[in-house]
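First the structure, in the form of structure tokens, and then the observations on it.
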Amino acid sequence: MTVASDFSDDVEPFRLSMLIYDKRYRSYTLQIITIALFMLAVGWLVSNVVQNFRDLGKEFSFAFLWEPASYDINQRLIEYTSRSPHWKAAVVGILNTLVLAFLGCIAATILGVAIGVMRLSKNWLVSRLMTIYIEGFRNVPVLLWILLASTAFSAMLPAPRQAPVLLGGGFVPTNRGFYVPAPIWESGSGVLAIIFLLSLVGAWFFGRWARAKQAATGEILPVFWIRLAIIILPVLFFYFILGRPIGLSLPELKGFNFQGGGFVRNSFMALWIALSLYTAAFIAENVRSGIQAISKGQTEAAYSLGLPPNRTMNLVILPQALRIIIPPLISQYLNLTKNSSLAIAVGYMDITGTLGGITLNQTGREMESLLLVMGFYLIVSLLISGVMNVYNNSVAIKER
Amino acid sequence: MKTKLLTLALGAAAIATVSTSASAATLDDVKAKGFLQCGVSTGVPGFAFTDDAGDWQGFDPALCRAMAAAIFGDAKAVKFTPTTGKTRFTALASGEVDVLARNTTETFSRDVDLKFTFAPVNYYDGQGFMVRKSLGVTSAKNLSGATICIQTGTTTELNLADYFRANNMTYEPVPIETNAEAQEKYLANACDVYTTDASGLAATRAAFEKPGDHMLLPEIISKEPLAPLTRHGDDQWADILKWTLNVLINAEELGVTAANADDMLANSKLPSIRRLLGAEGDFGTKLGLGNDWSLNAIKAGGNYGEIYDKYIGPKTAIGLERGLNQLWSKGGILYAAPVR
Amino acid sequence: MSDTQSKNSLLYVSTKDLPELPAPVNTTGPVAWMRQNLFASVRDTVLTVLFAILVIAILYKLIPWMLTDAVFFADSIRNCREIDTGACFAVVTSRFNQLIFGFYPPELYWRPILAFLLMFVAFAPLLHDNLPRKLLWFTGVFPLLAYFLLWGGAIWGPLLILAMVTAAVFVFSLVSKPLNSTLGLLAAIAFCLMYYIFLHDSISGALASAMPIGLEFVESAKFGGFLITFVIGVTGIVASLPLGIVLALGRKSDNMPVVKMLCVGFIEFIRGVPLITLLFVASTLLNYFLPPGTTFDLILRVIIMVTLFAAAYMAEVVRGGLAALPRGQYEAADALGLNYWQATRLIILPQALKISIPGIVNTFIGLFKDTVLVSIVGILDPVGIMQPIRSTSEWNGIIWELPIFIGLVFFIFCFTMSRYSMYFERKLDTGHRS
Ligand SMILES: N[C@@H](CCC(=O)N[C@@H](CS)C(=O)NCC(=O)O)C(=O)O
């Protein structure tokens, strides 16, 4: 309002009204007001919670986590019984979430990249079909896909006693899940594992050597096949030398269900397939736009250098496109992980099913359980976005 | 400026003061609303189901109707909220429903830890197992390795864990939210066994296309005293629930039915009947209701026996014998405190 | 040079146009098209054949089931099976009303339908810039109108809110003229809060009992089906827009670290947890955060959480729009001597929001799809209503038909919207270059 007319004064005397009118101070005023309002709001919420808890005679405590859970969980990756404490049930749930998210991300990536590349294929039929796939999956809620997959399995597949035993006894699809062979680790399998690891290292060194050689002489070796041989042959060789230390346990119908082998439950399969197919559609779009963002000149330059199309893709386009593709890819991983919480709709025992589901219900500790569940997802999200930031920074540096 | 800040502070303080206004008594709330909000299950034949007109009927809703009649003199002044085994307690604790009448087992932790007040038991039950006859299983002891459908958030899943552990058996639990889903899974053979309260099993089985293909195993592995409940902390409200139920049971014991209640009120000389129906004493007023509360409750759907027979009794498709739920005077354990 | 050339008549240069020859057979026509697009190489041929077989096999199974052998009218699944062997879409036709409106009273269906149609009128000026600006007034009033149409009740509530908003604008100008806009905003908000907390209920109650004008009240519990999807989705997106803008501006306010921190914290928290956990908060915890004795229905609680959820995503979209504005725009605003709110309101936001429209539409599509999660907390949206329908004795055994129908409806809406957003993006693109 009143403009300070006294320019000769170097240090303006502070007046109260400057808190509002002076840009230098105004931000402080506003921030203090914000803090005050925020504290008031938080205080209000907390006082309500306290009051409500007192009215209901509840208390806020995490002690219940150490009491026996008293319920069973069907899919558990660690030792767990109904006598284990609630926190262990939560850990079982966390591991189930992570397994689902991890396998989901892998499947979605493979599918998504394949579809994204095929979407750009010059083959009319292929690219049209991929468009249909992408649009079809992206525009229907993922929960519907999950429910559909789950009902499909339980309605279309036979009960265990009628189930066909496929692949020489190795694979049995039933309406409860899929029975698959499971490895039995006998003595000597440790040696085999070490040999496998060594061959992996060997394959890696071979790759380096081959690249160096190509750079030096221009000779292109069939790297893929030789690597495959390096990885497989020694393991195969020692497998027989050591007297077949890894056996297979095949599922067998005993009593109500198949026993032995591995069992992949329908709930898991439904989630895994639906989440992967759904996320793949998004990844495919990212891949497509990443590839299309690389100017056509790059392809033409590579062609004019005489590179064949698949080498052009592998050596010229993809390395550049990856920079564009990877950040949205990582946020798709984040989405998939968060979507895995829909497990609760088909009874898969992830963290929302155990801690946020049965534990919450049996103990009545809604506040504590939900805080922990949200905390878990928050940590996972922050980790994933941390990875993304590191990646973005590393890419950004290379650009200069 | 100062005045503005003052306004702001006042506004904020105003918000804060709202929070300190104590919650009114449930009865006052319910009267102000004009209807009773009653939590029932999502659907168990006989116990709680929607009729063709979309109205909730059954053994459990009948209690809520009686209670609504006791409060408002109108058995229709009630709205129903379907709840699953999982959502029922939050619905009650959060005040979404005023009373929960829904196959709920009274347990220590639900009473003391979850802070609910249980009315007397209105159905003595126990957990059973249902299997298809073709499996050839005759005892629960043969169930090792079976895939079992259970509703989550129930005592069922806890009992089951204990039972199988005690008998050194393994099983594959398939967690499910509602009775309807469980039935679907069970019929699709996605589980070998369905376990829940025996009454619920019988009711569910009765609704099957071929009930004869399925059987209940003889073992009853738990005590499931089912009782309606309210929140802790409002004794008056809990009393209304408790005594509405007691009135219905006492009415059966004293031979008061929906049809003869008015007549009994006018003509009965028996002091116990006169007290029950409000001809003597002012029990209703003491509860904060009208003195015709008990008469209305009985006339809403009849006494306990009438309700039982109408929805789940031997003459219905559900066909549950009274058994433990017979009056104490007739060999059961139903024993309601007297109105006096 | 050119002169001499033009005078020389070159005999080998034709003086008139030759007629165009038809293109070589192998570069046009269906055969050539197929050769180029389907059978360009051996690999292509193999792919084409494989995929063609796949498609034909699927269609061969699907078409009879979905169309020719399907039953569209019957009164139970048994009846369906008697009529034909294909899909039993009769479940959709016979329960159509429930799938769309839930348990909304049938004689009042015109109200949601009218609200739905008016919604397009309200959105039109936002999505099309060549419509008269006056329509924006309707857009502003629409939320209240829609609320009134959907829930009904006395007309006074919405009218009073309208009056309150008008009065708040007045308060704003009253305060911001002598002081500044930020304080004006705060005062307006405080005014609204005070009015709503202390006066609203008693005044509207008094008016309603004095002059009972209004529509028949419909309680939220009666809402269901796609009606719920739209109510939650549209409210969520509309209410989240202002919130998202504030959050985005807050996140950008580098000179106010506290505000920035709060905004970042909120946005990252919401974006870091799955929606379903927020819905659990709505269904189990929200009541604990409110004064004892306050209960309001689940649908409202869910809408609140969905709004907060969408606001965080919206904030990121708007932030993108803000970041995409050239710095010159900010500097130009400064040079004109506009203060922060003037610059934001007149220069920055209109442009930033316009750039963000595709992002906003995409957020909306995401939110629209995400509304189905409310079925997990027991709301009877189309997915939630599937189970009750399937467990009735008439339709017990129906598997595919309901999800197919629901998926199709979602597909149509989401696909249209995403196409629209792409179209809009392209329009904006050219706008920039010219
Ligand atoms: N009595 C047990 C079990 C109660 C229960 O869930 N019973 C089932 C079947 S009897 C039920 O009411 N289901 C109804 C529904 O699905 O909503 C408890 O209180 O935990």
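Within region A:160-168, the presence of at least one residue that is open to solvent by less than 50 Å² (accessible area, probe 1.4 Å) and in contact with a strand residue (DSSP E or B) (Cβ under 7 Å, 6 or more places away or on another chain) is confirmed. Identify the residue in region B:169-180 that is among the hydrophobic types (A, V, I, L, M, F, W, C) and within 28 Å of residue B:82 (Cα to Cα) and, among all such residues, is farthest from the ligand (Cβ to nearest atom). Restricting to residues being among the hydrophobic types (A, V, I, L, M, F, W, C) and within 28 Å of residue B:82 (Cα to Cα), the top hit is B:174.
For region C:304-321, does any single residue satisfy the condition of being within 14 Å of chain B (Cβ to nearest Cβ) and either modelled with pLDDT under 90 or assigned to a helix (DSSP H, G or I) (or both)? It would help to see each step written out before you state the result.
Initial filter on region C:304-321 (within 14 Å of chain B (Cβ to nearest Cβ)): none.
Within region C:304-321 (the criterion being within 14 Å of chain B (Cβ to nearest Cβ) and either modelled with pLDDT under 90 or assigned to a helix (DSSP H, G or I) (or both)), the answer is no, since none of the residues qualifies.
For region B:169-177, the condition holds for at least one residue, the condition being that it is in contact (Cβ under 8 Å) with a residue 60 or more places away in the chain and open to solvent by 40 Å² or more (accessible area, probe 1.4 Å).
Of all residues in region C:242-261, those satisfying the criterion of being open to solvent by 50 Å² or more (accessible area, probe 1.4 Å) and among the hydrophobic types (A, V, I, L, M, F, W, C) are C:243, C:246, C:261.
For region A:79-122, how many residues meet the condition of being within 30 Å of residue A:291 (Cβ to Cβ) and assigned to a loop (DSSP other than H, G, I, E, B)? Even if it seems obvious, please write down each step before you answer.
So in region A:79-122, the residues within 30 Å of residue A:291 (Cβ to Cβ) come out as A:100-122.
Then drop every residue that is not assigned to a loop (DSSP other than H, G, I, E, B), which leaves A:120-122.
The qualifying residues number 3.
Residues in region B:56-65 include at least one that is within 13 Å of chain C (Cβ to nearest Cβ) and either modelled with pLDDT under 75 or surrounded by fewer than 24 Cβ atoms within 10 Å (Cβ to Cβ) (or both).
Set side by side, the residues B:206, B:166, B:190, B:146 differ, and just one is at pLDDT below 90 and more than 15 Å from the ligand (Cβ to nearest atom), which is B:190. Could you tell me whether residue B:174 is within 22 Å of residue A:84 (Cα to Cα) and among the hydrophobic types (A, V, I, L, M, F, W, C)? Here the answer is yes, as residue B:174 does meet what is asked.
Listed here are the residues, each with its yes/no results for (1) on the phi < 0 side of the Ramachandran plot; (2) more than 28 Å from the chain's Cα centre (by Cα); (3) modelled with pLDDT under 90.
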site	(1), (2), (3)
A:38	yes, yes, yes
A:44	yes, yes, no
A:52	yes, yes, yes
A:62	yes, yes, no
A:87	yes, no, no
A:91	yes, no, no
A:94	yes, no, no
A:107	yes, no, no
A:112	yes, no, no
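Selection within region B:103-117: residues that are within 28 Å of residue C:294 (Cα to Cα), within 11 Å of the ligand (Cβ to nearest atom) and open to solvent by 20 Å² or more (accessible area, probe 1.4 Å). The member of this set that is modelled with the highest pLDDT is B:106. Of all the listed residues (B:34, B:39, B:58, B:43), the sole one being more than 16 Å from the ligand (Cβ to nearest atom) and of a type in the set (Gly, Ala, Ser) is B:34.
Being in contact (Cβ under 8 Å) with a residue 12 or more places away in the chain, assigned to a loop (DSSP other than H, G, I, E, B) and hydroxyl-bearing (Ser, Thr, Tyr) is the filter here, so list the residues in region B:88-133 that pass it. Of everything in region B:88-133, those that are in contact (Cβ under 8 Å) with a residue 12 or more places away in the chain, assigned to a loop (DSSP other than H, G, I, E, B) and hydroxyl-bearing (Ser, Thr, Tyr) turn out to be B:104, B:107. Looking only at region B:221-238, decide whether some residue is open to solvent by 40 Å² or more (accessible area, probe 1.4 Å), more than 16 Å from the ligand (Cβ to nearest atom) and more than 30 Å from residue A:54 (Cα to Cα). No, every residue in region B:221-238 fails to be open to solvent by 40 Å² or more (accessible area, probe 1.4 Å), more than 16 Å from the ligand (Cβ to nearest atom) and more than 30 Å from residue A:54 (Cα to Cα). Do you know which residues across region B:193-203 are hydrophobic (A, V, I, L, M, F, W, C), open to solvent by less than 10 Å² (accessible area, probe 1.4 Å) and near the ligand (Cβ under 9 Å from one of its atoms)? Correct list: B:201, B:203.
Of the numbered criteria (1) over 27 Å from residue B:337 (Cα atoms); (2) within 11 Å of the ligand (Cβ to nearest atom); (3) in the same structural domain as residue B:242 (by TED's automatic domain parsing), the one residue B:157 fails is (3).
Residue pairs whose Cβ atoms lie under 8 Å apart, sitting 6 or more positions apart in sequence or on different chains, and linking a residue in region A:50-65 that is farther than 15 Å from residue A:360 by Cβ and within 14 Å of chain C (Cβ to nearest Cβ) to a partner that is open to solvent by 30 Å² or more (accessible area, probe 1.4 Å) and part of a helix (DSSP H, G or I), are A:51/B:20. The set of residues in region A:171-208 being touching a helix residue (DSSP H, G or I) at 6+ places or on another chain (Cβ under 7 Å) and more than 30 Å from residue A:223 (Cβ to Cβ) consists of A:174, A:175, A:176, A:177, A:178.
Within the set B:295, B:320, B:324, the sole residue that is over 19 Å from residue B:265 (Cα atoms), open to solvent by less than 50 Å² (accessible area, probe 1.4 Å) and either in contact (Cβ under 8 Å) with a residue 60 or more places away in the chain or not β-branched (Val, Ile, Thr) (or both) turns out to be B:320. Going through C:294, C:307 one at a time, which residue ends up being of a type in the set (S, T, N, Q) and more than 30 Å from residue B:233 (Cβ to Cβ)? Just one listed residue meets the conditions, C:307. Hey, among the residues in region B:75-87 that are more than 10 Å from the ligand (Cβ to nearest atom) and touching a residue at least 24 places away in the same chain (Cβ under 8 Å), which one's most open to solvent (accessible area, probe 1.4 Å)? Selected residue: B:79.
The values are calculated or read from the model by the stated rules, or taken from the named source; none is laboratory data. Keep in mind it's a predicted model, so treat the numbers as computed, not measured. Using ideal geometry, Cβ is built from the backbone for each residue, glycine included, and neighbour counts are taken over all protein chains shown. We work out accessible area using only protein heavy atoms, side chains counted, and drop any ligands, DNA or RNA first. Shrake-Rupley method; radii C 1.70, N 1.55, O 1.52, S 1.80 Å.
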